[in-house]
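Engineer: Take a look at this one; I'll ask things after.
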Amino acid sequence: MSDCIFCKIAAKQIPTQVVYEDTDVLAFKDINPKAPTHLLVIPKKHIEKLSDLQPADAELGGKMLLAVGKIAEHIGIKDAGFRVVINNGKFAGQEVFHLHFHVLGGKQMSWNPA
Ligand code: 5GP
Ligand code: ZN
């Protein structure tokens, strides 16, 4: 998608602080962090949102989930714990329509998601 900001980040057309990359998945620092650690994990392939994932994307979805654990270990937030958030569509407040996992950590969090 030519007008998608995260596709541009995946294509390295926009400078970004990349923290993890493999053939299918990229993780980078959120530009407006909501916690001491705030990363976004995206598929390099353009998928608008979680609910658009297809059976053919099952391996990709699994790779994204596995990447979260690898990243958490690599950046040292695994043992303390962290949160993974996916905003899906308008009511969830999704602003960028390219699937992304928010990975939030580095502090004790409360729970008031809605
Ligand atoms: P959403 O509300 O769609 O779940 O979250 C979108 C996230 O993308 C927000 O946390 C926002 O700060 C982040 N974001 C938006 N544009 C950019 C950008 O150009 N670079 C980076 N690194 N993060 C972005
Ligand atoms: Zn995209």
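The values are calculated or read from the model by the stated rules, or taken from the named source; none is laboratory data. Remember, it's a predicted structure, so these values are computed and weren't measured experimentally. Here Cβ is always computed from backbone atoms with ideal geometry, including for glycine, and neighbour counts include all displayed protein chains.
Engineer: Limited to region 75-101, what total is found for residues that are away from ligand 2 (no atom under 16 Å from the Cβ), under 18 Å from residue 19 (Cβ atoms) and not small (Gly, Ala, Ser)?
Structural biologist: Qualifying residue count for the region: 8.
Engineer: Scan region 18-41 and give yes if some residue there is within 21 Å of residue 3 (Cα to Cα), touching a Gly at 6+ places or on another chain (Cβ under 6 Å) and either modelled with pLDDT of 95 or more or of a type in the set (A, V, I, L, M, F, W, C) (or both), otherwise no. Working first, answer last.
Structural biologist: Keep residues of region 18-41 that are within 21 Å of residue 3 (Cα to Cα), which gives 18, 24-32, 40-41.
When the remaining residues are screened for being touching a Gly at 6+ places or on another chain (Cβ under 6 Å), the result is none.
Looking through region 18-41, none of the residues is within 21 Å of residue 3 (Cα to Cα), touching a Gly at 6+ places or on another chain (Cβ under 6 Å) and either modelled with pLDDT of 95 or more or of a type in the set (A, V, I, L, M, F, W, C) (or both).
Engineer: What is the one condition in (1) within 16 Å of ligand 2 (Cβ to nearest atom); (2) among the small types (Gly, Ala, Ser); (3) modelled with pLDDT of 95 or more that residue 105 does not satisfy?
Structural biologist: (1)
Engineer: So which residues in region 40-94 are surrounded by 13 or more Cβ atoms within 10 Å (Cβ to Cβ) and of a type in the set (Phe, Trp, Tyr), if there are any at all?
Structural biologist: If the condition is that a residue be surrounded by 13 or more Cβ atoms within 10 Å (Cβ to Cβ) and of a type in the set (Phe, Trp, Tyr), then 82 is the only one that fits.
Engineer: Step by step: first the residues of region 18-39, then only those that are crowded, with 18+ Cβ neighbours inside 10 Å, within 16 Å of ligand 2 (Cβ to nearest atom) and not small (Gly, Ala, Ser), then the one that is farthest from residue 61 (Cα to Cα). Which residue is that?
Structural biologist: Only one residue tops the list, namely 28.
Engineer: Are any residues in region 1-35 closer than 19 Å to residue 83 by Cβ and out of contact with any strand residue (DSSP E or B) (no Cβ under 7 Å at 6 or more places or on another chain), and if so, which ones?
Structural biologist: Within region 1-35, 31, 32, 33 meet the criteria.
Engineer: Say we look at region 4-17 and pick out the residues that are modelled with pLDDT of 95 or more and either in contact with a Cys (Cβ under 7 Å, 6 or more places away or on another chain) or of a type outside the set (A, V, I, L, M, F, W, C) (or both); which of these is farthest from ligand 2 (Cβ to nearest atom)?
Structural biologist: Out of the qualifying residues, it is 17.
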